[in-house]
Amino acid sequence: MALELLPLHPGFGLEVRGLDLNGPVDAATWATLADAFQRAGVLVFRGQHLDEAGHVAFSRRFGALQVHVLKQFLTTPHPEIYVLSNVVREGKPIGNHKEGLNWHSDWSYKAEPAVGSILHARVCPAEGADTLFACMHQAYAALDAATQQRIDSLFAVHSYATYYGRAFADRTPLSDEQRAATPDVVHPLVRLHPNGRKALYVGREVVKEVLGVAPEEGAALLDRLNTHAVRPEWIYRHQWQPGDIVAWDNRNTMHQATDYDDTKYSRIMHRTTLAGEKPVPVRPMPVAA
Ligand code: SIN
């Protein structure tokens, strides 16, 4: 079967057809996929049903993998797999439930945020639980020139503790070890992707303040940018089927999980996360006097 790359949404995202990831992927095909990943931001592979080792091996072809700080959700024999799920076995959740309901890019709260993520659907609800992806190149390009110029030189604080406190207020707080592993970090509001294009770099709940502007002004700017970043024009909605794999580039997309009836349905998703890269700013951060 010939390899096909079909557009998912105007300007970003490709569905890859004609490829069985359970079989060998030759170097030429891999080069095509790597190029598509850089260009498109989101790659969808339907009906793959990889086992856990196969998922990890496939993910490693995109780059080195990293392990999530919430170790209680690394419940497969492969620590590289972070489990997202509402399923409880022997009294213990097998995965993190209600993760990623905010718009975000993975691990933006790290000094070197994850380059990409590869999510494999194992058990999916019959309705709900779609994942939305937004293109941050398109979001940046659609801003007016004055805003682009202003934010090109601004930096913001990303905070895992802030996200965790808001998303999981009803849970045991982060341990000292988890807090120590996730200190607040500063990133540009606009990052340069290796493909040469600029991408808006924001996120709800996780970006807590803009540096160098008054707090109310910074909060208003963040709210405006976060709202603009997810306009329907540049959103692709993925409706999951078991066996799907979606690989996305965290450097030029944001995503958001959506809710489902967790009293009626089970959901089990396995995610691997590609090691990080420090965001490249458009202009260097000013050095404090
Ligand atoms: C995530 O990686 O943020 C989770 C996405 C999802 O579970 O739909």
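The values are calculated or read from the model by the stated rules, or taken from the named source; none is laboratory data. Note that the structure is a prediction, hence the values are computed from the model and not measured. All Cβ positions, even for glycine, are placed from backbone atoms using ideal geometry, and neighbour counts span all protein chains on display. Quick note on the areas: whole protein, heavy atoms, side chains included, nothing else; ligands and nucleic acids left out. Shrake-Rupley method; radii C 1.70, N 1.55, O 1.52, S 1.80 Å.
One residue alone among Val202, Val190 is at pLDDT 95 or above, touching an Asp or Glu at 6+ places or on another chain (Cβ under 9 Å) and under 27 Å from Pro286 (Cα atoms), and that residue is Val190. Within region 91-146, can you find the residues that are more than 23 Å from His49 (Cα to Cα), assigned to a loop (DSSP other than H, G, I, E, B), away from the ligand (no atom under 13 Å from the Cβ) and charged (D, E, K, R)? The answer is Lys110, Glu112, Asp144. Filtering region 247-289 to residues that are of a type in the set (Ser, Thr, Tyr), within 11 Å of the ligand (Cβ to nearest atom) and farther than 23 Å from Ala40 by Cα leaves only Tyr260.
One residue stands out in region 194-234 among those that are within 19 Å of Phe12 (Cα to Cα), aliphatic (A, V, I, L, M) and not in a helix (DSSP H, G or I): the one that is most open to solvent (accessible area, probe 1.4 Å), namely Val230.
Filtered by the rule that a residue be in contact with a helix residue (DSSP H, G or I) (Cβ under 8 Å, 6 or more places away or on another chain) and surrounded by 15 or more Cβ atoms within 10 Å (Cβ to Cβ), region 12-43 gives Phe12, Gly13, Leu14, Val16, Leu19, Leu21, Val25, Gly41, Leu43. Scanning region 34-65 for residues that are in contact (Cβ under 8 Å) with a residue 12 or more places away in the chain, part of a loop (DSSP other than H, G, I, E, B) and either under 14 Å from Ser117 (Cα atoms) or among the acidic types (Asp, Glu) (or both) yields Gly41, Arg61, Phe62, Gly63, Ala64. Of the residues making up region 110-162, those that are open to solvent by 10 Å² or more (accessible area, probe 1.4 Å) and of a type in the set (Gly, Ala, Ser) are Ala111, Ala126, Gly128, Ala141, Ala142, Ala145, Ala146, Ser153, Ala161.
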